[in-house]
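Before any comments, here is the structure.
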Amino acid sequence: MGRAVLVVLGLLRSGVSTQAGGAALEDQEESPPLASPLIERVEVRFVTFDLVVEKHGRQVRDLRRDEVRVRVGGDPVEVEMFENTCIPEKANANQATTRAANSGANPSGGSAAETAAVAEGPSTDTTAGATHYILYFELNHMTVEGRGLAFGAAKRWSASQAKPDDQVMILTGGNGLRLVRSFLPAAQQLREDLAAAERETGSADSWYDSEPARYQEILDLLAQEAAGEVAGGTAAARADSYGSYEEARARHAMRNLEQVLALFQGIEGTKNLLLFEERVRLLPGTEYPAFRSPGDTHPFLDRVARAANEKNVRIYPVHAPGENLDLADDAMTFLASETGGQVVERTNALELAFERVVADESCSYRIGFHLPRRANGRSERMEVAVRDGRGYRLRYRRTVGDPTREAETEEAVRAALLEPRGATGVALTLAAAQLTAEPDGGRTLLRVSLPLGDLAALPVASPPGARQVELDVGMTVVFLRPEAARGSSGSASSPWADARADRSPWEMSRGAVLQLPPGRTSGSGEVVLEQEIFAPLGRYRLVAVARDRAAADLGAATIDFEVRAGSGVLGSPHLARPAGEVYRLQPEADDAKRAGKRRAEIVPSARLLADLVSLLSEPTIESGRQGSIAQIICDPDSRTEAQDGGSASVPDFSGWRLVRELHCGDAVVLLPQTALAPAATGESCALVVVPFPAEPLPVGSCRAIITLERPGADPQTRSLDFTVVSARREPT
């Protein structure tokens, strides 16, 4: 199985230390710190959850605060907030509700004694209040029939039952993850977004459509064992192999779902996640006869449930049974019971899931209490009892977590990956440039840069006066759908709406500690992460996230690029400049073991560009500034030998000739010849960098024309159009 789109890039797990050179600064005398009294601070957190109470199949609408008892980790806690949101039974069932004013506690830390009386009666405020729906279609765990039932129910709900101000998000899960739609009012093109999500079903696999054939295969093997035609245990081994594969599929799906939950940390109130699926099982493999060692997905389901509880997300598994009308698996029952949701099963009228959300939203109790904040990563069981406890059915979240600081940071990174537009604390500049073009793909340079002056530089103990910057930078490359609009970085609804859920992305990350010499703050310069990859033909989106550890700031950005086919000899020319004051993070090494899979996967490649050259993200250069044209040239004969399993031979560029012309207005300049030398990495390519003439180029449009002449082959020509602008005047 491929990796999920939304893996947290490994930030915090790798580090590089870089020291910047510079002039020394005289030590400055520091004043001794002022004495201060010992102050003990106790950090607390305010926990809220929704409680739904039923008796004899009817909702209980008149519960009072003194009738509710809450325990966390076995210890009783004081209920400081109690809100009854139940609409009177005679009210219009379709009328939205709002919660009563918070009169039970001050979530910022005040005690119950400092607050007003608690609202204990049913709310009579029936002004509009939005319900949050998350429609999650787990495509790789549904049959073709189940997918049709699921999308049919969602489209019927959107056409007749969804309220205009309901907030609706849409996701599809498969090998990757596609965020089709961020939270938007249902009145804004909901049906169009559902249709776009449904088109993704064409790329989902048909593993579960062939489950009856696998069942029959194992029955046939059992019969062959009995007849002595195959060895004993063959059927059991086949059943266990199928179970192991299905456990891996379920584990992958639950990882996707767990990581998506990071999006909801900052959204107040209860969120309702409708999980459309058919075949996520607690014990994969038990559906086959003769199994011996079934899989176990409980640990991954438990992680999802705990993460959902921390975000107040109720999960409503929607089992699409088709003609069998069977029960949902215990895996789905577990998710619903742990998060306070309900399972929809044994029916093809899947709209029932939306009706149950409406019913739960129309009558529930919002309860809140304070707990100490220890950031120990532990999760405690929560138990709730009402009145005498007899005959009542309670639904609520069953755990209360206390995440570590590191876990909170990882969640913030996940959220920035999913919603890059909301992460603006660190400025990022992205660039993607195809260096070589081959029949099946090409080498592409990915570049993420950050202004050093925007990062927090904190003093260090040694040497005196020195400062350091700590940061993490990560990138994810996502396959885009062929019909994605060119030049965009995602739809207005979601920057991930164009991602292909059937292809796993490629990710990498680096951490760094940059030490600045005495006398330097952060000032000029930039931090750069450059990675060269080989990518198959197609369109991609680069999503980058950076974190300033000291300032606790996050930034994210996206850029689209395309890999086009070519002869693989003469690469595309690019405008370049001297690298200047650059702090480079270490790129990922060439993955020789995966070189044979290049036609289908993204593979990191050894670096060809010299550290002294930086490609410009825009085809613009200032007049009088140093500039050059950088280009990769490859010997196809030596590359073919390496890809066929042999060692890379030294490329033979003898007899090759590059003719370069620079046209700026009416002027034509012949650029100097440069010897072709193999790259130091042992690759079958050479980097050619040709500087511009010493005289300033005229302001206006320019075109560089490069022609490669080599023995026994037709000439190849590439061109580069760029603009020369007037030099900016430095401030006096």
Shape call for the stretch 280-351, from the Cα gyration tensor axes a ≥ b ≥ c (a/c under 1.5 means rounded, otherwise prolate when a/b beats b/c, else oblate), comes out oblate
Would you list, by chain and number, the aspartates and glutamates whose Cα falls below 12 Å from the Cα of Lys155, excluding same-chain residues fewer than 8 positions away?
Glu192, Asp193, Glu198, Glu351
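Loop only by DSSP, 10 or fewer other Cβ within 10 Å of the Cβ. Give me the GluC sites (Glu not before Pro) in the stretch 266-342 that pass, ordered by residue number. Don't skip to the answer; put the middle values down first.
Details: sites: Glu268, Glu277, Glu278, Glu287, Glu310, Glu323, Glu338; in loops: Glu268, Glu278, Glu287.
Hits after loop and neighbour filter: Glu268.
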Please give every one of the aspartates and glutamates within straight-line cross-link reach of Lys271, meaning a C-alpha to C-alpha distance under 12 Å, and leave out same-chain neighbours fewer than 8 residues apart.
Asp50, Asp166, Glu310, Asp360, Glu361
Using only the Cα atoms of the stretch 174-233, construct the convex hull and provide its projected area averaged over every direction, in square nanometres to one decimal.
6.4
Looking at the stretch 132-362, what % of the alpha carbon pairs are farther apart than 34 Å?
17
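No lab work stands behind these numbers, since they all come straight from the coordinates. Predicted, not measured: the structure shown is a model, and the values here were computed from it. Please note: Cβ atoms are built from the backbone with ideal geometry, for glycine as well, and neighbour counts cover all protein chains shown.
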